[in-house]
Structure formats: structure tokens, C-alpha cells
Amino acid sequence: MRCVCVCVVVLVALGVRVNSFKFKELMDYVDKHQEEYVQTLRDWVSIESDSSDVTKRAELQRMMGVVEEKLRMMKGNVDVMDVGTQRLADGSIIPLPKVVTAEFGDDVNKHTVCVYGHVDIQPARREDGWATDPYNLTEIKGNLYGRGASDNKGPVLAWIHAVEAYKALDIELPVNVKFLIEGMEETGSNGLDALVEAQKDKFFSDVDYIIISDCIWKSTRPALTYGTRGNCYFSAQVEGPKQDLHSGVDGGAVIEPMTDLIGILDTLISASGQILIPGVADAVTNFTEEERKLYEQVGFNLETYKSTIGVDRLMYDNKVDLLAHLWRFPTVSIHGIEGAFSSPGTKTVIPAKVTAKFSIRQVPNMEPAVVEKQVTDHLHAVFERRKSPNKLKVNMIIGAKPWIADPKHALYEAGKRAVKRVFHVEPEMIREGGTIPIARTFQDVTEKYIIMLPIGGFDDGLHSQNEKISRYNYIEGTKLFITYLQEVSLIKEN
Ligand SMILES: [Zn+2]
């Protein structure tokens, strides 16, 4: 008898859960409306909301207006927040695009999630090598090509459609949902840090969890992202003669700034990838056996990766070490030299002043302020040894910290359940080699727990030509978000 009773109780408990979440109804709704979803994405992609180009600012403002209108039509509690102004290189001041927020539901008995996304884009021109018009979403073999399709308009719309599906079917949202959509992400989220700070006890006060879907899978399998690297970006300037010289006349007479600069840059990283700046790698956390196991499960294929980027040999010849160096070890990248002769031809100029740009990706527990001192001290020490009459100036321009979450946190467990339900596979637990600075800001300022829940494919080509999102990822991603809201509602403790 007792066993029967227990079984009944369990069944009732399960029954309540299954019945209250109208999974099939919601999934069917998404399937039935997918053409509309694609059309809305087409409308959004047609707006050239390039945040890096001020001549496109009106388009960006229009894009924010479209987002606002869409959320208002869904009867959300919508607000537009001013994030101030931006000073341009010519000294003029223009307003930044306003941040759009919306609130769906304010039931104190439910969890509240905040979905962050952005609707500005990287520049794109057909001449850059696009096979289709980047602002006319074009479907080819199940892929929807267009700038912003994957980064980040598609995922933002998938979130909006997820909420819209609940509302259209008159199904109560399992959690309260807030949106925070910005328009300056691609140029560094100008004004957003201050807004998050100012809204800490207002907009964010009742938020339990923050969700970011501004990243991609690592293979064809769905993934949950639990870390991103930070970035310290430096400039190193060597200044010599008062003016540019010519090697035919002056060559051999001076210690050339470029020679000094190349000399000191060569002391940053070895050919085998070892960082040579004393102390920089000391703070890096140990690579644990547990992490190694997670990395082994990632379906990342070295051969595919090699052929995609077009190289014969990588720095590491096995998957685990390669992923570790992409995700959880720092690296130095040299990006460019300002003032160097870079045009075609054979000019024999000796530049008088050259500025190198390089960056060091940050991982737990590196601290940008500490790295800044280590790099500055190191470069000055090696420069000193050159006994050059030239002058060296080192500056850290960006100091973004890394972000890391516990992949076993309830928010991730909810993600695993949602992925399993929609895609019928276990998600891969991955990290990002790149930097999403806002994640760390959210964590530090709001002290809320964060998850990155990507729906973009590993080959979406964010920031490059022929960016796309597949129809499959876009539509099934919408279903994932619908299901994720339900799974989050089942989290017991905050
Ligand atoms: Zn993005």
C-alpha cells in the first residue's frame, strides 16, 4: 500500500508539472509561426544598425525604436533609458542610442530572469566578399544569411518570440521576464556600465538570473557557455627623431624607432606560445582533471578547424590542450603598428614614431591592474637594456576582466534539461576565447548569477563576411528559450 501511495504522489507531482507546462502546444505554435519569425528577422536585418559608423546613427536609432515598438505590441512594461552622449573624434557630441527595457510579469512568487541582448551590428559591405546583400536576409540551403542574423538580432528575436508564444497561447509565463536590449555592444557598450550601476537597486533589484545569448556553439551540438576571457589591450609607442627620415640619406645614423619596437615586441611571447612577460601567467588557476574531462567531451574537430582557418599545423596537436589555450590560458596577440609604412611599393622611409597595439587575453585569476604593471615594467626593462635614445610610452587602453560561472549551478542544470528536452542530446559545456565585458559587469555590479545560453552555430561567421544563422538554430533556439523559462521556474533556491 505504502508503495502505491508513494507512486501516486510521485505521479501526481509529475503530472502537475507536465500538465502545467504545455510543451507540445508551445512547440507547435513555434513551428506554425516560423515563416513570420524569419520575416521579422528579415525586417530587422534590413536596418543597417552599425554602431561603429556615426553616419548610420539614424538607422541605429530606428532599430532601437523597432525593438521598443515590438515589445510594446506584446504589452510589456516598456521603458527607454538614456545612456548619455558620445564625443566624436572631431569634438562634436551626439546622443547614444537609448537602451530599451521591458518587463513581462511581476509575480513575486516567481523567479525573474533578465535577458540581455544587442541589436547593433558590425559593419558589412557587399564588396567585402559577401555572396549576398548583407542587409537582405537570404535563405540558402537552410541558412539565413545577413549581417546581425546570428550576432545578435536572431537570438534577441528568438527570446522575444519565446515570450510572445506564451502570450499568444494565453499560457502564464513560468517566470517573470525582463529584457535589456542595447545598441552599442559592437563598439564597447558605451554607457551601459553606468546604467547597470544606476539601475542596480531599481531595474535589477528583483532580477534573480541574467541570461546572455550573444555567443555560439563550438560544434554541431548545442552548448552552454560558462566562461569568457577578459582582455588587456595595450599600446606601446617608440618615438625617435623629430621627423620621418629616409634610409638612403639617414640610414645607419640613428637607432630606428621601428627596430626598437620590433625588438621589444619580440620579448612578449615565444614561437611556441609561451608568454615571456615575468609574472603574467602566475595568477592563472590550475588546469584540473575535472576541467580536462569536460574538454574531452566537446565535439570540436581539429581537422575541421584547421581547414576552416586554412593552416597545416596548430600550436597544439590535441583537442584538450588546444581548447585549454583558447579558453582558459592567457595569450598575447600583436594586432598592428600605427605609423609604420604599410602601403604597397618600396618606400625607404624610416618612421619617426611608431605605436604597436597588442592584447593579452585574461583568465581567472588574472587582474588587469596587475597585468598592466607587469607589462609596463617588462617593456621598460627590455627597452632600457637596448640603451636607445628613443622614448618608450606604454599604455593599457582596455582592461576587461574574465568571466566564469560554475557549470554545475542550478541555472546550468536547468539549461541541460532544456537542451535535452528540445534537442534530445546533452549540451556541451564550453567557454569562449573572446571577451564579453558586460557579463563581468553584470556579475560584479548586480551580484546576480549569469548564464550564457547560445543558439548560434559554430560556423555562423560572426563579424565576418556571409554571417548567417541556420533556420534550424533560429527556430529550435526559440523552442529552447521557451523550455528554458519553464526549467528555470523549477529552480528551488536562488
Ligand atoms: Zn554580439
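Here, each number is a calculation from the coordinates, and none is a lab measurement. These figures come from a predicted structure and were not determined experimentally. All Cβ positions, glycine included, derive from the backbone under ideal geometry; neighbour counts span all protein chains shown.
Quick look at the values:
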item: Cleavage-rule hits, chymotrypsin sites (Phe, Trp or Tyr not before Pro), the stretch 264-366, DSSP coil, Cβ neighbours within 10 Å at most 16; result: Phe287, Tyr316, Phe341
item: Ranked Val280, Val108, Val445, criterion: other C-beta atoms within 10 Å, fewest first; result: Val108, Val445, Val280
item: Mean-position separation - Cα centroids, the stretch 439-474 and the stretch 147-226, in angstrom; result: 9 Å
item: Point-charge dipole on Cβ atoms (K/R +1, D/E -1) for the chain, about Cα centre, debye to 20; result: 580 debye
item: Lys/Arg +1, Asp/Glu -1 at C-beta; the chain dipole; positive extreme among Leu276, Gln297, Pro364; result: Gln297
item: Exposed-site-free run, longest, the chain (rule: GluC sites (Glu not before Pro); DSSP loop; at most 16 other C-beta within 10 Å); result: 173-446
item: Shape box of the chain [Cα atoms, principal axes, largest first, Å]; result: 97, 52, 47
item: Counting all C-alpha pairs of the stretch 323-462, share separated by more than 27 Å (%); result: 44 percent
item: Principal-axis tilt of helix 2-20 within the chain, Cα atoms, nearest 10 degrees; result: 60 degrees
item: Backbone HN-Hα couplings from phi across the stretch 49-65 [Karplus 6.51/-1.76/1.60, Hz, Gly and Pro as x]; result: 8, 7, 6, 7, 10, 5, 6, 9, 4, 5, 5, 5, 4, 4, 4, 5, x
item: Sequence of Lys153, Lys167, Lys70, Lys32 once ranked by neighbouring C-beta atoms within 10 Å, starting from the fewest; result: Lys32, Lys167, Lys70, Lys153
item: Value of D in µm² per second that Stokes-Einstein yields for the stretch 384-442, Kirkwood Rh from Cα pairs, at 20 °C (1.002 mPa s); result: 136 µm²/s
item: Integer Hz, Karplus 6.51/-1.76/1.60 couplings in order for the stretch 265-270, x for Gly and Pro; result: 5, 6, 9, 8, 8, 7
item: Cβ-derived FRET efficiency at R0 41 Å, Val349 paired with Phe423, nearest 0.05; result: 0.10
item: Residues whose placed amide H lies under 5 Å from that of Glu428, excluding near-sequence neighbours; result: Ala223, Leu224
item: Burial ordering of Arg87, Arg417, Arg328, Arg147, fewest other beta-carbon atoms within 10 Å first; result: Arg87, Arg417, Arg328, Arg147
item: Phi to ³J(HN,Hα) by Karplus 6.51 cos²θ - 1.76 cosθ + 1.60 over the stretch 105-111, Hz, x for Gly, Pro; result: x, 9, 6, 5, 7, 10, 5
item: Volume per residue of the C-alpha convex hull in the stretch 47-149, rounded to whole Å³; result: 136 Å³
item: Amide H within-cut-off set for Ala400, under 5 Å, with H built and near neighbours excluded; result: Asn231, Cys232, Tyr233
item: Relative contact order, percent, the chain [alpha-carbon distance under 8 Å, six or more residues apart]; result: 24 percent
item: Nonlocal amide H pairs with Lys178, under 5 Å, H built at 1.01 Å; result: Phe104, Val113, Cys114, Val115
